[in-house]
Amino acid sequence: MSGRQEWNHTPELPIAVSPLWQWPPKPLAALKWYADGWFFLTINMGILALAFASYALLSPTLEQAAKVSIGWVALIFVRNFVLISLIAGGLHLWFHKYALQGQDKKYDPRPFPRKGRMFTFEHQVLDNMVWTLASGVTVWSGFEALFWWLLANGHAPVTTFTATPVWFVAFFFLIPVWESFYFYWIHRLLHTNALYRFHALHHRNTDIGPWSGLSMHPVEHLFYFGTVIIHLVLPTHPVHLIFHLMFYAILAVTTHTGFEGLWFRNAKRIHLGMFHHQIHHRYFEVNYGNLDVPWDKLFGSFHDGTPEGKARMRERLAARRRT
């Protein structure tokens, strides 16, 4: 960026992928990587707690879900609507509306939010809120209601903790692994000429805020929340379904705050934004996946945040234009 620093804040560089995929093997580092992602005050653990609370208090039973009813379908929609409003709205107020953290640990130096004709209502936050709530929550809730009905009627395999305790617990930890695979490939698909016209709505946000994460075209939401197709193959419980969809929805919000984390009294209380994905919003054609499984490294689209990484990106894109 001419005349201006490229980033207001960067984490430790170069960006590293999970030690599980590094050579030579680093078993202790890999264990710490995944422990840090789950225990104890982490987004993953918070979503897990919300999933169990939602299952116990704000969901139908399998007996109720066997027959479609406006009551239990509406319950799912209202629960998800309120949940995402509180999380995205709360983070927006903290980081952007009242700027309680100022610019500290904000990645992009440019002011947020923006205005312009590229946005619905010519305002970035209103644009993001409309697409998140009207389309995102609707598609998310629709998939959840559909799979409740499928599980209840024996069209998808069901398990319980009593029947398969090890698998019941393991499935929660496997969802992020599945997400690494699924998200990378649907994201690459959305960047093709045939589908980018839908994904372009999300990429209106070159700088991002909490409401940007789920701001997508309805077609993209169908791809995004289509992750639940795995429940047609593997035996799961309704709480797995709730967690899986919440994981995709809430993680989209928290990783798009635009800040590395929530800092309070000079200490990072919780890790949030991913610089790896912030780079994708800046340059579009890099970092399609995440850091748990290094698909981008395997296929040459990895940008590690360094000047050398930027140079490799430019060389790759220039070579592609020449072919």
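The values are calculated or read from the model by the stated rules, or taken from the named source; none is laboratory data. Given the structure is predicted, the values throughout are model-derived calculations rather than measurements. Glycine also receives a Cβ, built like all others from the backbone with ideal geometry; neighbour counts cover every protein chain displayed. In case anyone asks, the SASA skips ligands and DNA or RNA and just uses the protein heavy atoms, side chains included. Shrake-Rupley method; radii C 1.70, N 1.55, O 1.52, S 1.80 Å.
Distance between the C-alpha centers of segment 51-84 and segment 12-29? Whole Å please.
Each part's Cα centre sits 40 Å from the other's.
Let me know the shape class of the chain, please: from the alpha-carbon gyration tensor, a ≥ b ≥ c as square roots of the eigenvalues, rounded when a/c is under 1.5, otherwise prolate if a/b is greater than b/c, or oblate.
Cα axes put the chain in the prolate bin.
Accessible area per residue, 1.4 Å probe, Å², for segment 1-99: what's the number?
63 Å²
Given the pairs Lys32/Lys268; Lys105/Lys310; Lys115/Lys310; Lys26/Lys268; Lys26/Lys310, which are separated by over 24 angstrom at their Cα positions?
Check vs 24 Å cut-off fails for Lys115/Lys310; Lys26/Lys268; Lys26/Lys310.
Where does helix 137-152 land angle-wise versus the long Cα axis of the chain, in degrees 0 to 90, nearest 10?
The helix 137-152 is inclined about 40 degrees to the chain.
Could you give the angle, 0 to 90 degrees to the nearest 10, between helix 165-190's Cα long axis and the longest principal axis of the Cα atoms of the chain?
For helix 165-190, the angle is close to 50 degrees.
Per DSSP H run of at least 4 residues, take -39500 (n - 2.57); add these up for the chain, divide by its residues and hand me the 222 nm value, nearest 500 deg cm²/dmol.
Result for the chain, helices only: -15500 deg cm²/dmol.
I'd like the accessible area for Phe198, computed on protein heavy atoms only with a 1.4 Å probe and all protein chains in place. Round to 10 Å², please.
Around 40 Å² of this residue is reachable by solvent.
Which trypsin sites (Lys or Arg not before Pro) from segment 57-122 combine a DSSP loop assignment with at most 14 other Cβ atoms within 10 Å? Before the final figure, lay out each step's value.
Working: sites: Lys67, Arg79, Lys97, Lys105, Lys106, Arg114, Lys115, Arg117; in loops: Lys67, Lys105, Arg114, Arg117.
Loop-located and lightly packed - Lys67, Arg117.
Summarise the accessible area of segment 249-290 (1.4 Å probe, protein heavy atoms) by the percent that is carbon and sulfur.
The computed percentage sits at 58.
Which percent of the accessible area of segment 39-184 is formed by carbon and sulfur heavy atoms (probe 1.4 angstrom)? Kindly include the intermediate steps, with their values, before the conclusion.
Numbers: 5480 of 7440 Å².
C and S atoms contribute 74 percent here.
Using the charge dipole of the chain (Lys, Arg: +1 at Cβ; Asp, Glu: -1 at Cβ; taken about the Cα centre), state which of His303, Ala249, Leu62 has its Cα farthest towards the positive end.
The residue sitting most towards the positive pole is His303.
Could you state the accessible area per residue of segment 279-323 in Å², with a 1.4 Å probe and every protein chain left in place?
With the other protein chains kept in place, segment 279-323 gives 52 Å² per residue.
Which value, in Å², gives the accessible area per residue of segment 138-183 when a 1.4 Å probe is used on the protein heavy atoms?
On the way: 2070 Å² over 46 residues.
Counting only protein heavy atoms, the per-residue value for segment 138-183 is 45 Å².
Would you please put 28-41, 233-246 in order of how densely packed they are, using the mean number of other Cβ atoms within 10 angstrom per residue and starting with the highest? Could the numbers behind the result be given before it?
Details: 28-41: 12.4, 233-246: 21.1.
The densest-packed peptide leads the list: 233-246, 28-41.
Tell me the angle of helix 43-57 to the major Cα principal axis of the chain, expressed in degrees between 0 and 90 and rounded to the nearest ten.
The helix 43-57 is inclined about 20 degrees to the chain.
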